[in-house]
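Derivation of every value follows stated rules applied to the coordinates shown; laboratory data play no part. The structure displayed is predicted, hence computed values, not measured ones. Glycine gets a Cβ as well: all are built from the backbone with ideal geometry, and neighbour counts include every protein chain shown.
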Amino acid sequence: EASVLKSKFRGCLLGALIGDCTGAPFEGDTITHGDKLVIQRYYDKLEDPTFTAPYKSYTDDTAMMKSVAKFLTDKPEPDYRFLARLFVTEFFKEPKRGYGQNIVEVFHKLRNSKFEDVYKPAKEQFMGAGSYGNGGAMRIAPVALYFHDNYKTMLEVATNATKLTHTNILGVNGALLQSVAIQLAVKCDPEAKIDPERFCAELYRRMRKIERVEEDLDDIEEEDDGTRKAYQNKLRVVENLLQKKHDDDLDEEVILNLGNGISAYESVPTAIYCFLKALNEIPSIQTENVFRRTVQYAVSLGGDTDTIACMAGAIAGAYLGEDGINTALAKQCEYYRDVLEIADNLYVAKEGP
Ligand code: 8NA
Ligand code: MG
Ligand code: MG
């Protein structure tokens, strides 16, 4: 139904924003048992409509997502040079939004080369290896929404949009996995319960196809099975962790085996795990709300909290829709109204008024 889909567009982008804004204060932290109690109270306050505080600022995750949405709504066909310009303009307008350390070089090179070959600067990163940071995945939500009914095009546009900054296969496939997860979540009925293991198995099936295509590329050595099947292997770990009983030690295991870092490989599967785990109660987190549980759990793992919560929040919001998100919590975030407008514009550009 149309109104459900519209609500899912809003829920997804709002979910990403809330994860980014509320996760950002903890970015880079190691979280102790005591910190988890602090984080519980932090979200209790943010959900309290009478609580007033300066809004939580968004970071690079949302800044770049904004450009991806504009790239889809402002032109009838994907124009990647236009997207590169949007990224660069946004960066130089507000460079202090917590961008990754190396992506900044790409922005400078793009600008200095007058956007001549928009894919060249990213290819040169890390002595030609390309970035495997999670910057491609963290901003991809609008692509997954816009092409929710056209899987092949979604993968193609997500790949090209990512390669403007991240050409390493792990960076690209991380963005693809995040898009696939959002697209699957859009398809799920918000009234019906998701079976976490089935959802994970479906992701695995799709990543097997995606990673198989990459086998043909010459830049990956045949014997490098770890890279060729990176995300398939991670999804097996997700499946395994979902079956374990929850306690503080399990969080350690999650961090150790899935990761909480700035590489796509150590954060996209983690975000998916956070979403799937939070579909059921988590003893250390007191809330009835699945969306909040997802984001709070993601933040409680520490590390790249804004980005992991952003990605997990986008998936949860795409499943639940706007109604699944506490309005008071949303209103604590900078840019909250603008993000709703962006979601509506994206919806209209795609589905018509
Ligand atoms: P990026 O392309 O600069 O990648 C991020 C980092 O990943 C790089 O600075 C490197 O340290 C590392 N990296 C990526 N590819 C390689 C490679 N091939 N070889 C060696 N090292 C590599 O930027 P991005 O857009 O991917 O970064 C996104 C993340 O950085 C987000 O979390 C974002 O919020 C930001 N950020 C994170 C932190 C944090 O402490 N977690 C702090 C500030 C900013
Ligand atoms: Mg950030
Ligand atoms: Mg981050």
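What number do you get for the stretch 8-151 when its Cα radius of gyration is normalised by 2.2 N^0.38 Å, N = residues?
For the stretch 8-151, the normalised Cα radius of gyration comes out at 1.21.
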Hits for the chain under the membrane-span-like helix rule (DSSP H, Cα axial span at least 24 Å, Kyte-Doolittle mean at least 0.0) are 2-23, 169-187
With no solvent term and unit scatterers on the alpha-carbon positions of the stretch 110-180, Debye gives log₁₀ I(q)/I(0) at q = 0.14, 0.22 Å⁻¹ of -0.41, -0.86
Under the 7 Å Cα-to-Cβ spin-label approximation, residue 4 and residue 193 lie apart by a distance in nanometres of 1.8 nm
Mean separation of Cα contacts under 8 Å (at least 6 apart) over the residue count of the stretch 135-288, i.e. the relative contact order in percent, is 23 percent
Expected sort for 11-18, 173-180 on mean C-beta neighbours within 10 Å, highest first, is 11-18, 173-180
With -39,500 (n - 2.57) per DSSP H segment of 4 or more residues and division by the full residue count of the chain, the 222 nm estimate, nearest 500 deg cm²/dmol, is -19500 deg cm²/dmol
So, relative contact order of the stretch 255-353 in percent, Cα under 8 Å, 6 or more apart, is 24 percent
A chain fully extended from residue 246 to residue 288 at 0.36 nm per residue, minus the present Cα-Cα distance, gains in nm 13.4 nm
Output ordering of 197-207, 296-306 (per-residue mean of other Cβ within 10 Å, highest first) is 296-306, 197-207
Two pseudo-spin positions, 7 Å from Cα along C-beta at residue 51 and at residue 126, lie apart in nanometres by 3.7 nm
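Could you rank the peptides 61-74, 333-346 by their average count of other C-beta atoms within 10 Å per residue, with the highest value first?
Going from most to least packed, we get 61-74, 333-346.
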Using the Kirkwood radius over Cα pairs of the stretch 265-353, the Stokes-Einstein translational diffusion coefficient at 25 °C and 0.890 mPa s, in µm²/s and rounded to a whole number, is 177 µm²/s
So the compactness index of the chain, its C-alpha Rg divided by 2.2 N^0.38 Å, takes the value 0.91
